[in-house]
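Visitor: The structure's right below; bear with me while I get my questions together.
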Amino acid sequence: MSLLDDQKHIIERALRENLPDQAVKETLATLPRPRGRRVLVAFGKAAWQMAEAAYDAMPDGWTSGVVITKYGHAKGAIGAFQIFEAGHPVLDDNSVRATRAATRLVSDLSADDQVVVLISGGGSALFEDPSISLERLAGLNEQLLASGASITEINTIRKRFSNVKGGRFAALCAPAQVYSIILSDILGDPLDMIASGPTVPDRSTSAEALRIAEQYALSLSNVERARLGEETPKSLPNSHPTISGSVRLLAESARRACAELGYDAEILTTSLDGEAREAGRFMGAIARTLAESRDTLGATGGAQGAAGADQEPIDSGQGASRAGRKRALLFGGETVVHLTGTGKGGRNQEIALAAAEPLAGLPNVMIFSFGSDGTDGPTDAAGGWVDGTSYEKLRVAGYSPADVLKDNNAYAALEAVDGLIVTGPTGTNVNDLSVVLIGE
């Protein structure tokens with residue numbers, strides 16, 4: 001098998017093992033049976049997949065339900081659930097319309113009733129009933145996305161302009177009990193930050209929100225600044241959250257896939273963050289060092305064999321034991337992109353493109369990076385890949401990686417050299433995974 005074949009197998013295996021279906025069914029089996037109604041609310045890029053699993057687990061167990069996902073991610077009807085598609089990463093009118101359908105669904109519940117909330121990445125944009133105008137909220141989201149602010153910082157601001165985020169949706173459901181099944185797309189799995197924490201107590205403070213607004217020089221009206229000073233719910237006795245998936249599990253699945261293909265595989269981190277292009281250059285530098293060591297040790301080993309078996313090996317440590325072996329290094333997490341141009345791309349594509357130059361000329365080496373939801377930035381690609389031939393192919397096609405990254409146009413450059421990874425919507429969303437493959 002080629003490295004490209006290996007890449008496809010690793011991605012397919014990691015995604016398949018991290019679909020939320022089984023986790024949703026197992027969690028539902030542990031919930032108490034309500035004396036009254038059982039209502040489902042699902043939102044996020046994996047909402048349809050999670051809702052289908054919930055329905056399959058108990059097709060006669062739901063009084064009603066609302067499912068909200070990204071355009072193109074719904075795959076048909078699910079019982080009598082209302083299914084909505086809406087905007088992501090920037091919310092739109094359909095986000096608000098769908099969210100208000102969900103809030104109406106829980107507006108008259110009693111203590112005998114139960115709400116099951118299925119949450120996945122993208123929920124911050126898809127599940128929203130703003131307390132300011134939609135146009136102003138969309139403008140603030142665009143400012144934050146373009147600023148390079150972390151997802152935690154973005155969600156700290158979003159909560160203050162929402163009627164459902166920061167624990168407010170669980171408060172709307174009271175006195176009914178709320179059981180949340182959550183796919184984490186944020187490093188460290190902070191419950192109050194995933195989809196901006198609509199069903200859990202909020203740990204962020206108004207003071208933090210005001211500091212973030214100042215740090216990124218957000219343009220705010222006096223009314224909006226006052227909203228940032230309003231606190232969110234800090235105690236929700238009716239809230240019962242469960243994490244059902246994370247980038248750590250995604251990386252472990254990929255590591256097992258690498259090992260089965262014969263790679264000496266290691267997870268170096270599941271907390272990768274920072275600038276995407278810098279992460280790509282760093283991975284490229286690591287790959288170059290390992291590949292050159294491989295080639296040097298391999299050549300030395302060959303020379304030793306020709307000289308005679310009675311000679312001592314030059315290195316009796318781990319480096320020699322790995323000479324000629326396949327290596328895989330895995331990095332899970334979520335990087336950021338500071339927009340400096342007007343091109344098209346995403347953080348995983350920028351990671352891959354930035355690694356092209358360090359890999360130039362190296363045989364049998366590849367770096368690939370992909371988003372587990374199948375969407376990298378505002379594109380139809382999940383991510384991208386490069387190998388030792390990519391840099392020259394880019395040059396021949398008229399692309400300079402440095403210039404492309406400056407214009408944030410990684411999609412066009414990778415497309416020109418067949419370096420895009422396209423999976424379509426995957427049905428899950430647990431951060432990103434980058435992999436360095438060093439072949440024999």
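Visitor: Can you tell me which residue in the stretch 149-175 is surrounded by the fewest Cβ atoms within 10 Å (Cβ to Cβ), limited to those that are out of contact with any Pro (no Cβ under 8 Å at 6 or more places or on another chain) and among the aliphatic types (A, V, I, L, M)? Break it down stepwise before answering.
Guide: Kept after step one, since they are out of contact with any Pro (no Cβ under 8 Å at 6 or more places or on another chain), are these residues of the stretch 149-175: 149-151, 153-160, 172-175.
Cutting the leftovers down to among the aliphatic types (A, V, I, L, M) gives us 149, 151, 154, 157, 172, 174.
Working: Ala149: 20, Ile151: 23, Ile154: 22, Ile157: 28, Leu172: 20, Ala174: 16.
Filtering the stretch 149-175 for residues that are out of contact with any Pro (no Cβ under 8 Å at 6 or more places or on another chain) and among the aliphatic types (A, V, I, L, M), the one surrounded by the fewest Cβ atoms within 10 Å (Cβ to Cβ) comes out as Ala174.
Visitor: While we're looking at this one, here's another question. Is one or more of the residues making up the stretch 141-151 outside any helix (DSSP H, G or I), touching a residue at least 12 places away in the same chain (Cβ under 8 Å) and under 23 Å from Ala51 (Cβ atoms)?
Guide: Here is the first cut: in the stretch 141-151, the residues outside any helix (DSSP H, G or I) are 148-150.
When the remaining residues are screened for being touching a residue at least 12 places away in the same chain (Cβ under 8 Å), the result is 148-150.
Those left that are additionally under 23 Å from Ala51 (Cβ atoms): none.
Within the stretch 141-151, not a single residue is outside any helix (DSSP H, G or I), touching a residue at least 12 places away in the same chain (Cβ under 8 Å) and under 23 Å from Ala51 (Cβ atoms).
Visitor: Return the total of residues in the stretch 387-429 being farther than 22 Å from Gly371 by Cβ, of a type in the set (Ser, Thr, Tyr) and in a helix (DSSP H, G or I).
Guide: 1
Visitor: When the residues of the stretch 310-357 are narrowed to those that are modelled with pLDDT under 60 and either among the hydroxyl-bearing types (Ser, Thr, Tyr) or assigned to a helix (DSSP H, G or I) (or both), which ends up farthest from the chain's Cα centre (by Cα)?
Guide: Residue satisfying both the conditions and the ranking: Ser316.
Visitor: Hey, can you tell me all the residues within the stretch 267-280 that are of a type outside the set (Asp, Glu) and either surrounded by fewer than 18 Cβ atoms within 10 Å (Cβ to Cβ) or not in a helix (DSSP H, G or I) (or both)?
Guide: Correct list: Ile267, Leu268, Thr269, Thr270, Ser271, Leu272, Gly274.
Visitor: How many residues, within the stretch 176-195, are surrounded by fewer than 24 Cβ atoms within 10 Å (Cβ to Cβ) and polar (S, T, N, Q)?
Guide: 1
Visitor: Return yes when Gly374 is touching a residue at least 24 places away in the same chain (Cβ under 8 Å), at positive phi and open to solvent by less than 20 Å² (accessible area, probe 1.4 Å) and no when it is not.
Guide: On the way: touching a residue at least 24 places away in the same chain (Cβ under 8 Å): yes; at positive phi: yes; open to solvent by less than 20 Å² (accessible area, probe 1.4 Å): yes.
In short, yes.
Visitor: Moving on. Right, Thr63: buried (at least 24 other Cβ atoms within 10 Å of the Cβ), touching a residue at least 12 places away in the same chain (Cβ under 8 Å) and out of contact with any helix residue (DSSP H, G or I) (no Cβ under 7 Å at 6 or more places or on another chain) or not?
Guide: Taking the combined requirement at face value, the residue does not satisfy it.
Visitor: Still on this model: Considering only residues of the stretch 196-220 that are hydroxyl-bearing (Ser, Thr, Tyr) and touching a residue at least 40 places away in the same chain (Cβ under 8 Å), which is most open to solvent (accessible area, probe 1.4 Å)? Before the answer, list the steps.
Guide: Of the stretch 196-220, the ones hydroxyl-bearing (Ser, Thr, Tyr) are 196, 199, 204-206, 216, 219.
Next, from what is left, pick out any that are touching a residue at least 40 places away in the same chain (Cβ under 8 Å): 196, 199, 204, 206, 216, 219.
Working: Ser196: 0, Thr199: 1, Ser204: 3, Ser206: 21, Tyr216: 55, Ser219: 72 Å².
Here the answer is Ser219.
Visitor: From the set of residues in the stretch 129-148 that are of a type outside the set (A, V, I, L, M) and within 18 Å of Glu231 (Cα to Cα), which is surrounded by the fewest Cβ atoms within 10 Å (Cβ to Cβ)?
Guide: The selected residue is Ser131.
The values are calculated or read from the model by the stated rules, or taken from the named source; none is laboratory data. Treat the numbers as computed from the prediction; the structure is a model and nothing was measured. All Cβ positions, even for glycine, are placed from backbone atoms using ideal geometry, and neighbour counts span all protein chains on display. Note: areas computed on protein heavy atoms with side chains; ligands, DNA, RNA excluded. Shrake-Rupley method; radii C 1.70, N 1.55, O 1.52, S 1.80 Å.
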